[in-house]
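Here is the structure we will look at, set down as structure tokens.
The values are calculated or read from the model by the stated rules, or taken from the named source; none is laboratory data. Just so you know, these numbers come straight off a predicted model, no measurement behind them. Reconstructed Cβ throughout: ideal geometry from the backbone, glycine too, with neighbour counts over all protein chains shown. Side chains included, ligands, DNA and RNA excluded: accessible areas come from the protein's heavy atoms. Shrake-Rupley method; radii C 1.70, N 1.55, O 1.52, S 1.80 Å.
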Amino acid sequence: MKAWITDFMEQFGYLGIFLMLALENIFPPIPSEVILPFGGFMTTTSGLTIPGVILASTAGSLLGAVVLYAIGRMLDVSRLERIVERYGRFIRIKPQDIRKADAWFDKYGYWTVLFCRMVPLVRSLISIPAGMSGMKFGLFMLFTTIGTLAWNVLLVLIGAALGESWEDIASYMDVYSNVVYVVLAAGVVLLGYLFLRKRKQGKTGKQTV
């Protein structure tokens, strides 16, 4: 995949960077950890400039974020609640659980969007719950732009600084990504455990009344 990405970027320049980042947001397995450092490297071997690469990559990222936000809007909370009412018993989820999660996202969602833009995999997918929660589009775009710009600037500058050794950053980013995935997996397991324990305690309390 890396060879295809770099060939595409070399052939289409800014447009290639724009399209790759838009696609990376919609299809997370395409790694921004390759696109951005290579884009930075290209500024040392072609007519591309660092501001131009940052602008193209950020615009592409925002386009992808808008697409996923729109998907989230189509999967709004009320529709999700209806699905849970019908099928939630199979996974032990109730409509009120969806409302609680939505309320949490309403309270902390903007900062979540900001910081998750710098977390592999999650940086793309966070747009869907943002859309589902009905987050104000203007603020969603503001926090998305800030987080995305920080991520893009960092990796593009590293790629430009490393030059022909731009691929070295990929190994470090792999370590970073793996640590993030382990933390996320542990978080999911912990939340699942706490959720099930709370449900069990609730049932026990009802039985003793």
Filter pass, R123 being surrounded by 13 or more Cβ atoms within 10 Å (Cβ to Cβ), modelled with pLDDT of 70 or more and part of a helix (DSSP H, G or I): yes
Residue satisfying all of: in region 47-66; part of a helix (DSSP H, G or I) and farther than 14 Å from T148 by Cβ; least open to solvent (accessible area, probe 1.4 Å) among these: G52
Region 1-36: number of residues that are part of a helix (DSSP H, G or I), modelled with pLDDT under 80 and open to solvent by 50 Å² or more (accessible area, probe 1.4 Å): 2
Given (1) open to solvent by 60 Å² or more (accessible area, probe 1.4 Å); (2) at pLDDT 85 or above, index of the condition S171 fails: (2)
Cβ pairs under 6 Å, 6+ apart, first in region 120-149 and over 16 Å from G72 (Cα atoms), second open to solvent by 30 Å² or more (accessible area, probe 1.4 Å) and aromatic (F, W, Y): F143/Y110
Given (1) at pLDDT below 80; (2) outside any helix (DSSP H, G or I); (3) open to solvent by 30 Å² or more (accessible area, probe 1.4 Å), index of the condition Y108 fails: (2)
